[in-house]
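What follows is one structure encoded as structure tokens, with my remarks underneath.
The values are calculated or read from the model by the stated rules, or taken from the named source; none is laboratory data. Model, not experiment: these values are computed from the prediction. Glycine gets a Cβ as well: all are built from the backbone with ideal geometry, and neighbour counts include every protein chain shown.
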Amino acid sequence: MHSLVLYCDEPLWRPASLVRLAGVLQDTGLAGSQKDGEGLVFAAGEHFLSLVTFLGCAPQISLTEDDAVHGQPVCRIRLHDYRAVQLLESQSAPALRCSRCRSPQLRPSEPDYSQQLSCPACGESSPLFRFDWRRSAAFGRCFVEIENVFPHEAVPADRLMAALELLSGCSWDYFYLSH
């Protein structure tokens, strides 16, 4: 499965209530009704296609089971909430890069978001979560996963990211997850 995942730039941030986060996603129109018996999973909302910009000439997407052709997966929104900071990363995550000089870095075998790393090329020192994971991973306690979006096929609209920033008081970013 492939997904577009939204996350807060501050890895420790987590909403006081997932109901409030879900409400923001529903108010913007990204998320529709909650799927029965599936936890924090929502159907695509009425403004989904204006809040997620699909790139390319003819993307194949289904927003409902009725639209799905030949078992094609349906885009859904899933909320992830963790008590401690987690690293979500694609199976084929590319090399980590220095956020200052862009040189490749060695990925620690057991990455911790607050672990300080120094770039051997430029000497920049910063916590691991500040390094460039090349849109293939991120640290956080809360994630908004938009399921069944292939890597680099779509990006979130500024309006969606602004709504999440208003809720959290922090900027948001995105990456692609393949698992």
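For the stretch 94-140, the candidate set comprises residues that are surrounded by fewer than 19 Cβ atoms within 10 Å (Cβ to Cβ) and hydrophobic (A, V, I, L, M, F, W, C); within that set, the residue that is nearest to the chain's Cα centre (by Cα) is Ala95. Answer with yes or no whether Arg141 is closer than 17 Å to Ser178 by Cα and either modelled with pLDDT of 90 or more or part of a loop (DSSP other than H, G, I, E, B) (or both). When the stated conditions are applied, Arg141 does not pass them. Here His80 does not fit the description of being outside any strand (DSSP E or B), of a type outside the set (Val, Ile, Thr) and assigned by TED's automatic domain parsing to the domain that holds Met161.
Put simply, of Val85, Val69, Val74 the only residue that is in a strand (DSSP E or B) and within 26 Å of Leu30 (Cβ to Cβ) is Val85. Between Ala84, Ala43, the distinction of being surrounded by 16 or more Cβ atoms within 10 Å (Cβ to Cβ) and touching a strand residue (DSSP E or B) at 6+ places or on another chain (Cβ under 9 Å) belongs to Ala43 only. Is the stretch 53-65 home to any residue that is closer than 22 Å to Ala162 by Cα, surrounded by 12 or more Cβ atoms within 10 Å (Cβ to Cβ) and not aromatic (Phe, Trp, Tyr)? The answer is yes; a qualifying residue exists. Each residue in the stretch 76-91 was checked for being more than 12 Å from the chain's Cα centre (by Cα) and in contact (Cβ under 8 Å) with a residue 60 or more places away in the chain, and 5 pass.
Looking at Gly37, Gly32, which one is buried (at least 16 other Cβ atoms within 10 Å of the Cβ) and either outside any strand (DSSP E or B) or in contact with a strand residue (DSSP E or B) (Cβ under 6 Å, 6 or more places away or on another chain) (or both)? First the steps, then the outcome.
Working: Gly37 fails: buried (at least 16 other Cβ atoms within 10 Å of the Cβ).
So the residue among Gly37, Gly32 that is buried (at least 16 other Cβ atoms within 10 Å of the Cβ) and either outside any strand (DSSP E or B) or in contact with a strand residue (DSSP E or B) (Cβ under 6 Å, 6 or more places away or on another chain) (or both) is Gly32.
Entry remark, the stretch 1-29: residues being assigned to a loop (DSSP other than H, G, I, E, B) and of a type outside the set (S, T, N, Q) number 10 in total.
Does Arg135 satisfy the criteria of being on the phi > 0 side of the Ramachandran plot and charged (D, E, K, R)?
Working: on the phi > 0 side of the Ramachandran plot: yes; charged (D, E, K, R): yes.
When the stated conditions are applied, Arg135 passes them.
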